[in-house]
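A short write-up of the structure that comes next.
The values are calculated or read from the model by the stated rules, or taken from the named source; none is laboratory data. These figures come from a predicted structure and were not determined experimentally. All Cβ positions, glycine included, derive from the backbone under ideal geometry; neighbour counts span all protein chains shown.
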Amino acid sequence: MYVAESGKTLDQRIDTFGNRKVEINNRHLLLNGDRVRLSGMTRHEESPWEGLAETSGTIKRDYDDLKLLHTTLTRPVHYPQHEKVFDYADQHGILLIPEIPLWQFSEEQLLNPQVIALAKQMIQEMIEQAGNHPSIFAWSVSNESDMSTPGGRAYFHAMKEWVNQLDPGRFVTFADNDIAYGADPAKEAANDADFIMMNEYYGAWNGPEEGLIPMLDRAGRQYPEKMFIVSEFGTPGVFATDSIEADKLRVHTLEHQLDAFQKYDWIAGAIFWCYQDYKSHRNLFPGYSAGYVDHGVVDENRQRRPSFYAWQHRTAPAALKAQWKYGKWYEAVGFEVTIGRRNLEELPSYPLRGYNLRWELRDGTNRLLHEGNFPLADLDHEQKLEGNWTADSSQLRLTLRLFLTNPRGDTESEEQVHYLFPTSSGQEIQDMKLPNLKE
C-alpha cells in the first residue's frame with residue numbers, strides 16, 4: 001500500500017500466499033510428505049475472440065476445463081502468465097513450473113552476454129511477480145534449446161546460480177528435447193538440473209512410437225539419480241490426413257504413452273501438449289502455413305474432441321465400479337459400488353482425502369427418484385458402498401449417476417449405470433456402463 005502525506009491511499013496491492021512442502025526424494029516427488037505422480041496439460045494464452053489479450057473470464061473458463069481434465073501439474077507455456085493463472089492454481093491444487101520465453105536458442109545465442117543478462121532479468125521479474133504463490137514449485141529457464149553443448153551447460157549454470165540466490169526454496173530446471181533425440185548424456189545440462197523435464201514426440205517429430213520404450217530405458221540408465229517429468233508429449237495434426245484422423249492418433253498417443261510412462265517409477269509426472277488449437281505464424285515445416293496449429297483436445301473455439309473425453313477418463317484419480325442390486329423379478333432395489341484411488345504403480349496417482357461420493361437415481365424422463373452421499377475420509381484403500389430403496393415395478397428405465405467430488409466440491413470422476421426392466425417377451429436386462437461424459 002502507498003499512502004500520501006495527507007493519509008489518502010493512492011495505490012495498494014493485495015497478495016495471497018500459502019504453505020506447502022514439495023520434495024524430491026529417491027527420484028520421487030513428494031507433496032506435503034505424500035508421494036504423488038501427477039498429470040496435466042499446457043495451454044496457450046490465445047483465443048479467436050481475444051487474441052493474446054485475455055480477460056479473466058477466458059482464463060477461468062479454460063482452467064475450469066483443465067480441472068475437468070484432472071490437471072494437477074502444468075508447465076504453463078514459455079512466457080509470463082497472468083496473475084489469475086497463479087490464483088486459480090493456488091485455489092485448485094495445481095502445481096506450476098513457469099518458464100521464461102527462451103525457446104530453441106542456439107549455443108551461440110546462449111553464450112551471448114546480452115542474452116544471459118536478459119534471461120536473468122526475465123526470471124527475476126517472474127520471481128518478483130509470482131514468488132508468493134504456493135502453486136509454483138519450480139522455475140524453468142529455457143525450452144528446447146542447445147543445452148547439450150558446452151555453451152548451453154554454461155548458460156544453465158549461470159541461470160541456476162542466479163535463481164538459487166533469488167528464490168533458494170524452489171527447484172530449477174528447463175525443458176529438454178535433446179534427451180529424446182539421444183544426446184550424449186555426459187554433455188547434457190540436464191545433469192545439473194534439480195530434476196529433468198523432457199519433451200518427447202514419439203509417433204511424430206521423434207520418429208515411430210516404437211522408439212519410445214528404448215528411449216525411456218536408456219534415459220533411466222543415463223540419469224540414474226534424476227526424477228523426470230515428461231514436459232511435452234502429444235500428436236500434432238500435420239501427422240495425419242485431417243483433423244479427425246489427427247484426433248484418433250491423439251487418443252492413441254495419450255493412452256499408449258501414459259501407460260508406458262507409469263511403468264517407470266522415476267517419471268513423476270506427464271504434461272500433454274496441449275489443451276487447445278492455437279494461432280501461430282511459426283510454420284511447423286517449410287511450405288506449411290495453416291495459421292492454426294492442430295494440437296489440442298479442443299479446437300480454437302473450445303469445441304471438445306474425442307481426445308478430451310479420452311484424457312478425462314484415463315486420468316481420473318479414482319476407479320468407480322457400480323452394479324445393481326435386484327429384488328424379485330429383477331426389480332432394481334439398490335446398488336453396490338467399489339471405489340479406490342489409483343495406486344503408485346499408475347500415473348496419475350495421489351492421495352484422496354476428504355472426498356465425497358454423491359449419487360442420484362433418475363427415471364426414464366430424468367426425474368430424480370432418490371439421492372444420497374457417502375463421505376469418504378480416505379481412499380487409500382478400496383471401499384465398498386451400497387445404496388438401497390423400495391422396489392417400484394412401475395419404473396422400467398433407470399439411470400444411476402455417481403459423482404466423486406473433492407473437498408472443494410469439484411467433480412473429479414463420474415460414472416453412469418443404466419437399467420432396462422425385462423419386457424413381457426422375455427428380453428433380458430440391459431445393464432451397461434457408458435463412457436464418462438460430462439456433456
Quiz item: Is it fair to say Pro224 is over 24 Å from Val77 (Cβ atoms), over 21 Å from the mean Cα position of the chain (by Cα), assigned by TED's automatic domain parsing to the domain that holds Ile271 and assigned to a loop (DSSP other than H, G, I, E, B)?
Solution: yes
Quiz item: Checking Asp247 against (1) buried (at least 16 other Cβ atoms within 10 Å of the Cβ); (2) part of a loop (DSSP other than H, G, I, E, B), which single condition isn't satisfied?
Solution: (2)
Self-check item: Odd one out for Leu52 among (1) under 18 Å from Arg302 (Cα atoms); (2) touching a Ser or Thr at 6+ places or on another chain (Cβ under 8 Å)
Solution: (2)
Quiz prompt | From Val85, Val172, residue being of a type in the set (A, V, I, L, M), under 26 Å from the mean Cα position of the chain (by Cα) and assigned to a strand (DSSP E or B) | solution = Val172
Quiz item: Are any residues in the range 90-117 within 18 Å of Glu128 (Cβ to Cβ) and among the small types (Gly, Ala, Ser), and if so, which ones?
Solution: Ala117
Exercise. Kindly indicate the residue of the range 88-127 that is crowded, with 21+ Cβ neighbours inside 10 Å and in a loop (DSSP other than H, G, I, E, B) and also farthest from the chain's Cα centre (by Cα) among those meeting that condition.
Key: Phe105
Practice problem: Just name the residue that is farthest from Ile179 (Cα to Cα) out of those in the range 206-224 that are of a type outside the set (A, V, I, L, M) and touching a residue at least 12 places away in the same chain (Cβ under 8 Å). | Solution: Glu209
Quiz item: What is the number of the single condition among (1) at pLDDT below 95; (2) in contact with a His (Cβ under 7 Å, 6 or more places away or on another chain) that Met227 does not meet?
Solution: (1)
Self-check item: Which listed residue is at pLDDT below 95 and in the same structural domain as Ile229 (by TED's automatic domain parsing), from Trp139, Trp103
Solution: Trp103
Exercise. Out of Trp324, Trp329, report the one residue that is assigned to a helix (DSSP H, G or I) and not assigned by TED's automatic domain parsing to the domain that holds Leu258.
Key: Trp329
